[in-house]
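Below is one structure, written out as structure tokens; the observations come after it.
The values are calculated or read from the model by the stated rules, or taken from the named source; none is laboratory data. From a predicted model like this one, the values you see are computed outputs, not experimental measurements. Here the Cβ positions follow ideal geometry from the backbone for every residue, glycine too, while neighbour counts run over all protein chains shown. The protein model used for the area step is the full one, side chains on, heavy atoms only, and it has no ligands, DNA or RNA in it. Shrake-Rupley method; radii C 1.70, N 1.55, O 1.52, S 1.80 Å.
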Amino acid sequence: MAKIVVKQVRSVIGRPTAQRKVVAALGLGRIGKTREIEDCPAVRGMVAKVSHLVEIVGE
């Protein structure tokens with residue numbers, strides 16, 4: 001299956017708990033950190049939920 005590379009570009013400070021948990025579930029936690037994750041609808045939904053905090057840098 002395909003993979004996507006997700007990078008955190010903004011801080012979770014001052015964000016709602018739900019958004020913090022989504023960022024943590026993606027395996028991120030600090031600005032600049034990247035993760036290679038399986039590309040599936042669940043992950044795409046998580047990225048969409050916090051699209052203002054993360055970006056997809058590779059597919």
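Here is a yes/no grid of residues against (1) touching a residue at least 12 places away in the same chain (Cβ under 8 Å); (2) polar (S, T, N, Q):
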site	(1), (2)
Ala2	yes, no
Arg10	yes, no
Arg20	no, no
Lys33	yes, no
Glu38	yes, no
Ser51	no, yes
Ile56	yes, no
If we ask which residues in the stretch 47-59 are outside any helix (DSSP H, G or I) and open to solvent by less than 40 Å² (accessible area, probe 1.4 Å), their number turns out to be 4
When Glu36 is run through (1) in contact with a Leu (Cβ under 9 Å, 6 or more places away or on another chain); (2) assigned to a strand (DSSP E or B), the failure sits at (1)
Checked Arg20, Arg30, Arg44 against criteria (in a helix (DSSP H, G or I), of a type in the set (Lys, Arg) and over 22 Å from Met1 (Cα atoms)); the one match is Arg20
Considering the stretch 1-29, residues that are surrounded by fewer than 15 Cβ atoms within 10 Å (Cβ to Cβ) and closer than 16 Å to Val57 by Cα, and then whichever is nearest to the chain's Cα centre (by Cα), we arrive at Gly27
